[in-house]
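The values are calculated or read from the model by the stated rules, or taken from the named source; none is laboratory data. Quantities reported herein were computed from a predicted structural model and do not represent experimental measurements. So basically every Cβ, Gly included, is an ideal-geometry build from the backbone, and we count neighbours across all protein chains shown. When the accessible area is computed, the model is the full protein with side chains, heavy atoms only, and any ligands, DNA or RNA have been set aside. Shrake-Rupley method; radii C 1.70, N 1.55, O 1.52, S 1.80 Å.
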Amino acid sequence: MALEAGRISRFQVIMLMVGFIFGTSVIVSPARSAGHDAWIANLIGIMEALLIAGVFCALANQFKDKTLVEINDLVYGRILGKAFSLIFIWYLFHLSALVLTVFSRFFVTEIYLATPKTVILIVFIAVCASTVGRGLEVLARCSMVLISLCILVIINDAFLAIPTMDIKNLLPIVDIPVEKLLWAAHSAATFPFAETVAFTMIFAFMNNHKGRYAPLAMAILIAGLTLTLAVARNSLVLGSMESAFEYPTYLAIQMIDIGDTLSRLEVVVAIFFIFSGFIKVSVLLYGTVLGLAQVFKLRSYRPVIIPVGILMIILALTNVGSSTELYAFVNNEFPIYSLPWVFGIPLLTLIVAKLRKLPQTGGDQL
Amino acid sequence: MKKKKQLRMFAVAMLLTSLSAFISGCWDSHDLNKSAITAGIGFDIDPKTGEHLITYQTIIPSKVKSSSAGSSDEQTGGGIAPAVNLDHLKGTTWLEALGNYGTQENRSVFFSHNQLDIMGKEVAKQGVYPVIEHAARITQSRPNNLLLIAQDKASDIMAARDGMDVIPAIGIANEVKQSAEFSKFPAVTRLEFANRLMSKTTAPILPIIGIFEETAPEGKTFNKVRIKGTAVFKWDKMVGELNEQESRGLLWVTNKIKKGFVVIDAPDGSGKASLTITQAKSKIIPQLTDGKITINVVIEEQGDLIEYKGSKDMDVILLKQFEERQDEAIQNEVMAALNKSLALNADVFGFGEAVHRKYKKEWQDISSRWDEIYLDIEVAIQVKTHINETGDISKAIIPQ
C-alpha cells in the first residue's frame, strides 16, 4: 500500500506553497537588513529564488512520481541514498523547529505575555499533527480556504494603512551599499522563497505531472509580490523606526486607525499569521514524517507524527536562548547554512542522475 | 449506528464549547474588574533628588457610565466629575516606579488604551530618551500614543479637572487632535517623535501643555488646560519653544496644515479680515550647488473669505489684493518659525532629511557637519494662494 493515497491539484499545490512561503515571513518580514529598501531586496530575492527553484524543479520533473527520498534511493543507491535522505529530513525538521521558535517567541512578546512557550507550541503542533494525520488532501483543502483569506487580509491592510503612510519614507531609493542590498536579497531568497524545496516531498502526489516549475514560479510570484507589498507598507508606515521594531508588521498594523473606529486590528491579523504558520509547519511535519516512513520502510507514517512533533517542540524550545540569538541566526547564518539543501544537494543529485541516465523506463520499483 | 453518531456529535459539541475557555489563554486573561486601564501617564523627575515620579490616570469603568448620564452637580471646579483615579509612584527608574503600583492599588496596570504620555519640564531638560525608550519596549503601549510636554509638572496636568470629558486624559488627547486639525500646534505621536529622534539632523518637536488661570465674567477664576506652544528638542533635550505664530509657520512648511484661519489686514484699511483655509500643500525642494545648500519651500494654499468689515463690493482686483495680503501673512508666519529655528540651530522642518532624499552620495559628509551647515543654508519661501469663494454674499451689506 502506498504511504499517501491522496492526490492534489495544481491550484491546491499553488495555494499550499503560497501559505508555506507566507509562513513566518508575514511576521518577520524578509530582507529586513536592507532597511527601507527591503522591498527592492525582496524583488531581487524573488528572482534569485526563481533561479534556485529551477534546479530542484528539474530534479522533480525528472522523476515525476517520486518523492525526494525515493529519488535519492534511485540515484545514490540504498545506503548512500538513505544518508542523503536523512540529511534532507534534518533540514525539514530543523526548519520546522525554527518556524515554531519564531511563532512562540512572537506570541509571548506581543500577545500572550504570561503564557509559557511550551503551551503555545503544544497547541500549535497538536493542530498540525491532527491535520497531517488526515493526509495531504485535507491539508491542501485547508490551504485553499485559509491562504486565500491571508492574501486578501495583507492586501486589505495595505489599503487601510494608506492614511498613515508617507511616501518620503521610501526615499532615497537604495540608500545602502549595493553589497548589503544583495545580501538582504539573498537572505530573502533563502529565508522564505527557496525553502519551497520542501515540496520535493509533495510534488509526487500532484494529479497531473505536467511539470512543476510553472506552479512553483506562480506561487513564488504571488507570495513574493504580496510580501513585497507588506514590506513596503511597513516602511511607509513606520519610517526609520521600522528597523528598530522586532515585529514591524504587527506594529504597522497597530498604526491603522480609521476614524477612531477601525483600529486595533493587530490581533485579527495575528490570527492570519497563525493560519500561514499552520500551513508551513504542517507541510514541514508532513515532509519529515513521510520521509522517515520512506527511509525506514514503514507501512504508515502516522505513528511517527506525534514523536516527531514532540521532538520539534523540544528543539524549538532549546535551539536558541533569546530572540536576539534567533534573529542573528536567521539574518546572518541561515542564508549560507541553507544553501546546500536548497541548491547544492539538488544540483548534485541532478548531475548524478543525468550521468547515470536515470530514470530508466520500467525501473521504478523500490 | 444512529445513536453512535449522536454521541459523536455531542462529544464534538462539548469539545468545542470547552475550547472557548482557552481562547484568552489562561495566563493572559485581563479581567475588567482586575485591571486598571490607564488613560494617561505623566512623567516627572524631581530636580533636587533626581527621583522619578510617574502619575497614572486610570479609568474607573463603573463611574464612566453614571457620571456621563448624571448631572454635573458634584463638580468642584469647571467641568464635570471625572471618572478617573490618580496614582503617584516613585522610584529611581521608570520601571521601578511602575513596579510600585502593586503596593498601593489592588489592580494591575493595563496600557493598551492609553491615550497620551505627558513629560514634565524637568524630564524634557534632562532628556526624554529613557521615557520614549521604555514606552517603545513595553508591548502593551501603542506607537500612536500622543506625546506632550508639560509647561511645569506633568502630575499637575494629570490632576487638572477641566473640560467636558469624564476622562480628562481623553479630553486632552482630543484637544491636541483638534489643535492639529485647526492647524494651531502639531500633534505628535510616539512613532513620529521616535522617527525624528532617529534622524541625524531633524530636531524633534512636541506640543507644550500648561494650566492657565482664567476669569469668568462673574469674577470666578478657574483653571484651564491649554496647549500653548511647541517644544523644540536637540536630540532628546528641550532647547527652546515656538510660540503660536512660529508653530503655525512650522506646520506650513511641514505640510501639516489642514483647516484653520488666516487673519490679515484688509487691503482697503478697514481693519482685520479673516480667511478660512480650505486646502494647503507644501513642498521642500533642496538644491545643492558647489557645496551650498538652497532650500525652496513652495506653499500652495486655497482659501475662502469669511470675514471682511469693509464697505467695498467684491471684485477681481480686490480679491487679488486679498490674496497678496494672505501671501504675506503666511510668509510672515514661516519667516518667524525659520528665524526661531535658526536661533536655536535646530532643524525642526526636516530640511536635512530633504537633502538626504535628494543627495544621498553627499549626505555622509553633509550630515556630519549639519549643525554648521544649517546656519548658512539659504531658504527661499514661495507662497501661492488663491481665494475661491467669498461665502454667501458678494456685496457689502451697507446702504448704497
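Here are the numbers:
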{"item": "Rule-of-thumb Rg ratio for chain B [Cα; 2.2 N^0.38 Å; N residues]", "result": "1.25"}
{"item": "Accessible area of the protein assembly as shown divided out per residue, in Å², using a probe of 1.4 angstrom", "result": "45 Å²"}
{"item": "Set B:LYS259/B:LYS312; B:LYS292/B:LYS384; B:LYS90/B:LYS224; A:LYS280/B:LYS4; B:LYS121/B:LYS360 screened for pairs whose C-alpha atoms are more than 31 Å apart", "result": "A:LYS280/B:LYS4; B:LYS121/B:LYS360"}
{"item": "Accessible surface ranking that places the most exposed of A:VAL304, A:VAL283 first, with a 1.4 angstrom probe", "result": "A:VAL304, A:VAL283"}
{"item": "Built amide H within the under 5 Å cut-off of B:ILE387, gap 5+", "result": "B:GLY303"}
{"item": "Around A:PHE88: net Lys/Arg minus Asp/Glu count, Cβ-Cβ under 15 Å", "result": "-1"}
{"item": "DSSP-defined beta bridges in segment B:244-400 - what % are antiparallel, rounded to 5", "result": "65 percent"}
{"item": "FRET E, pair B:VAL64, A:LYS210, Förster distance 60 Å, beta-carbon r, rounded to 0.05", "result": "0.40"}
{"item": "Positive dipole terminus of the protein assembly as shown, leading residue within A:LEU358, A:LEU152, A:ILE220 (C-beta point charges)", "result": "A:LEU358"}
{"item": "B:LYS237, A:LYS280, A:LYS117, reordered so the largest accessible area comes first (probe 1.4 Å)", "result": "B:LYS237, A:LYS117, A:LYS280"}
{"item": "Residues in segment B:179-202 occluded by at least 20 Å² - accessible area, probe radius 1.4 Å, against chain by itself", "result": "B:LEU191, B:ALA194, B:ASN195, B:MET198"}
{"item": "Hz values of 3J(HN,Hα) by residue in segment A:131-146 - Karplus curve (6.51, -1.76, 1.60), Gly and Pro given as x", "result": "5, 4, x, 8, x, 5, 4, 4, 4, 5, 5, 4, 5, 4, 6, 5"}
{"item": "Nearest-10 value in Å² for the accessible area of B:MET238, using the 1.4 Å probe", "result": "50 Å²"}
{"item": "Cα Rg, Dmax, the protein assembly as shown, angstrom units", "result": "31.7, 110"}
{"item": "Mean ellipticity per residue at 222 nm, deg cm²/dmol - from DSSP H runs of n ≥ 4 across chain A, formula -39500 (n - 2.57)", "result": "-21500 deg cm²/dmol"}
{"item": "Extension gain (nm, one decimal) between B:HIS113 and B:LYS258, 0.36 nm per residue minus Cα-Cα", "result": "49.5 nm"}
{"item": "Loop-resident sites, segment A:1-92, for trypsin sites (Lys or Arg not before Pro), counting at most 16 other Cβ within 10 Å (DSSP)", "result": "A:ARG7, A:LYS64"}
{"item": "Between 0 and 90°, nearest 10: helix B:168-181 axis offset from chain B longest Cα axis", "result": "30 degrees"}
{"item": "Solvent-accessible surface (1.4 angstrom probe) belonging to A:ILE167, in square angstrom, nearest 10", "result": "120 Å²"}
{"item": "Contact order relative to length of segment A:189-296, as percent, for alpha carbon pairs under 8 angstrom and 6 or more apart", "result": "25 percent"}
{"item": "Heavy-atom accessible surface that B and A bury in contact, both chains counted, 1.4 Å, Å² to 100", "result": "2200 Å²"}
{"item": "Of the GluC sites (Glu not before Pro) in segment B:193-274, those whose Cβ has at most 11 other Cβ within 10 Å and which sit in DSSP loop", "result": "B:GLU218"}
{"item": "Full-extension gain in nm, A:MET218 to A:LEU315, via 0.36 nm per residue minus C-alpha separation", "result": "31.7 nm"}
{"item": "Calculated FRET value between B:THR93 and A:ASN332, using beta carbons and R₀ = 35 Å, to 0.05", "result": "0.60"}
{"item": "Charge-dipole axis of segment A:11-342 as Lys and Arg at +1 and Asp and Glu at -1 on Cβ define it, positive-most pick from A:LEU51, A:LEU298, A:ALA316", "result": "A:LEU298"}
{"item": "At least 30 Å² accessible surface lost relative to isolated chain, residues of segment A:249-289 (1.4 Å probe)", "result": "A:GLN254, A:MET255, A:ARG264"}
{"item": "Selection from B:ALA343, B:GLN279, B:ILE377, by position along the positive dipole direction of segment B:244-400 (Cβ)", "result": "B:GLN279"}
{"item": "Cα pair distances of chain A binned at 20 Å [whole percent]", "result": "30, 58, 12, 0"}
{"item": "Top of A:LEU181, A:LEU80, A:LEU170 by mean-square fluctuation, Gaussian network on chain A, Cα under 10 Å", "result": "A:LEU80"}
{"item": "Whole-Å semi-axes of segment B:107-234's equivalent ellipsoid (Cα gyration tensor)", "result": "26, 18, 14"}
{"item": "Principal-axis tilt of helix B:244-253 within chain B, Cα atoms, nearest 10 degrees", "result": "90 degrees"}
{"item": "Length released on extending from B:LYS281 to B:ILE393, taking residue separation times 0.36 nm less the Cα-Cα span", "result": "37.6 nm"}
{"item": "B:ILE293 long-range amide H proximity, modeled H, under 5 Å", "result": "B:GLU378"}
{"item": "For A:SER276, net neighbour charge (Lys/Arg +1, Asp/Glu -1) across residues whose Cβ lies under 15 Å away", "result": "-1"}
{"item": "Carbon plus sulfur fraction of accessible area for segment B:244-400, probe 1.4 Å, in percent", "result": "48 percent"}
{"item": "Residues in segment B:130-149 that, when all protein chains are in place, have 40 Å² or more less accessible area than the chain alone would give (probe 1.4 Å)", "result": "B:THR139, B:ARG142, B:PRO143, B:ASN144"}
{"item": "Heavy-atom SASA rank of B:ILE264, B:ILE317, A:ILE162 (probe 1.4 Å, accessible area, largest first)", "result": "B:ILE317, A:ILE162, B:ILE264"}
{"item": "Within the accessible area of segment A:11-342 (1.4 Å probe), percent carbon and sulfur", "result": "72 percent"}
{"item": "Of B:SER29, B:SER112, B:SER20, the one that fluctuates the most in a GNM where chain B has Cα springs shorter than 10 Å", "result": "B:SER20"}
{"item": "Nearest-10 value in Å² for the accessible area of A:ASP175, using the 1.4 Å probe", "result": "50 Å²"}
{"item": "Whole-Hz ³J(HN,Hα) from phi, Karplus 6.51 cos²θ - 1.76 cosθ + 1.60, for segment A:102-119, glycine and proline x", "result": "4, 4, 5, 5, 4, 5, 6, 7, 9, 10, 9, 5, 9, 6, x, 4, 4, 5"}
{"item": "Cα-projected label distance for A:LYS357 with B:ALA13, points at 7 Å along beta-carbon direction, nm", "result": "6.8 nm"}
{"item": "DSSP bridge pairs, the protein assembly as shown: antiparallel proportion in percent, nearest 5", "result": "65 percent"}
{"item": "Mean separation of Cα contacts under 8 Å (6+ apart) over length of segment B:1-242, as relative contact order %", "result": "18 percent"}
